[in-house]
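Inspection log for the structure reproduced underneath, given as structure tokens.
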Amino acid sequence: MRFLFLLFLSLCTSVLALKPHTASYTLLTSDFEVGKETRKLYQEKNVYYYTAHAKTVGLASLIKDYEIQSKSMFVIDQFGLHSKHYKNFERDGSKVKKDFNVYPKNRQVDSLNRLLAISHGLERNPEQNKFYLLVHDGRVAEKQVYQQVPSGSDNLIKVISKERNLSAYFARDRHYLPVLVHRDNFTYKLDSIQFD
């Protein structure tokens with residue numbers, strides 16, 4: 001009996017797994033384009049790899065030449081998404097701003113994949129109201145709470161974090177991935193997405 005339950009659970013987990021994809025985002029501040037970011041999710045066996053590469057563009061790059069390269073390795077089980085390895089490198093011109101390589105533990109997510117953790121939660125249960133995450137930012141792990149609020153759209157699910165001054169919109173027709181994210185004075189807007 002226990003074997004059948006575990007088999008059923010593993011089948012449900014694989015059916016509700018995140019869909020590999022490549023997404024392009026524009027970073028805006030005050031409706032002015034300041035950067036571009038490409039994110040890619042791929043899977044090898046039961047391990048997921050999520051990469052991000054962001055860089056200032058156009059006039060913004062003349063003022064501030066900033067680049068970010070991040071990579072997260074994680075697994076998904078019946079309890080959700082859990083980071084296994086997180087790397088982040090940021091440079092401002094020729095100066096290194098951040099450079100870390102950590103191995104989160106105890107069901108932690110990381111700064112790069114936390115929105116994917118919410119996407120996965122929404123795909124499993126679109127009515128889920130609260131998301132409690134233990135997020136490792138490269139230095140320490142911090143408890144973060146996200147809450148679903150009315151979005152005014154049948155397709156979009158709005159999730160906010162008052163403490164982080166963040167609101168994110170997840171699209172049902174895009175496998176619950178974030179299509180618009182507001183944080184402080186910045187906005188990430190999905191330009192294109194290709195599912196593998």
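The values are calculated or read from the model by the stated rules, or taken from the named source; none is laboratory data. In this text, all values refer to a predicted model and were calculated from it rather than measured experimentally. When we count neighbours, we look across all protein chains shown, and the Cβ atoms used for this are built from the backbone with ideal geometry, even at glycine. For accessibility, only protein heavy atoms count, side chains too; no ligands or nucleic acids. Shrake-Rupley method; radii C 1.70, N 1.55, O 1.52, S 1.80 Å.
The trypsin sites (Lys or Arg not before Pro) found in segment 17-77 that occupy coil by DSSP, while having at most 11 further C-beta atoms within 10 Å, are 45, 64. The helix-based estimate of mean residue ellipticity at 222 nm for the chain, built from -39,500 (n - 2.57) per DSSP H run of four or more residues and divided by its residue count, is -4500 deg cm²/dmol to the nearest 500. Bridge orientation summary for segment 45-143: considering DSSP beta bridges with both residues in this region, about 95 percent are antiparallel.
Computing mean projected area of the Cα convex hull in nm² for the structure here picks out one of [x] 13.1; [y] 11.3; [z] 12.1, namely [z]. The 3J(HN,Hα) values that the Karplus relation (6.51, -1.76, 1.60; θ = phi - 60°) gives for segment 158-170 are, in residue order, 9, 10, 10, 9, 5, 5, 9, 6, 10, 9, 9, 10, 10 Hz. Gly and Pro appear as x.
Can you give the FRET efficiency for residue 132 and residue 154, using 1/(1 + (r/R0)^6), R0 = 25 Å, r = Cβ-Cβ distance, to the nearest 0.05? About 0.40, to the nearest 0.05. Near the amide H of residue 97, within less than 5 Å, lie the amide hydrogens of 90, 91, 92, all on another chain or at least 5 residues away, with H placed in the peptide plane.
Normalised by the number of residues in the chain, the mean separation of alpha-carbon contacts (under 8 Å, six or more apart) gives a relative contact order of 18 percent. Set Lys and Arg Cβ to +1 and Asp and Glu Cβ to -1, take the dipole of the chain about its Cα centre, and tell me which of 100, 129, 21 lies farthest positive. Of 100, 129, 21, it is 100. Think of each Lys and Arg Cβ as +1 and each Asp and Glu Cβ as -1; about the Cα centre, that makes the dipole of segment 122-196 roughly 240 debye. Per residue, the chain exposes 58 Å² of solvent-accessible protein surface, assessed with a 1.4 angstrom probe and all protein chains in place.
Take the alpha carbon atoms of segment 122-196, find their center, do the same for segment 38-55, and report the distance between the two centers in whole angstrom. Here the answer is 18 Å between Cα centres.
Sequence-ordered 3J(HN,Hα) estimates for segment 141-153 from the Karplus curve with 6.51, -1.76 and 1.60 and θ = phi - 60° stand at 9, 9, 6, 10, 10, 10, 9, 7, 10, x, 9, x, 9 Hz, glycine and proline given as x.
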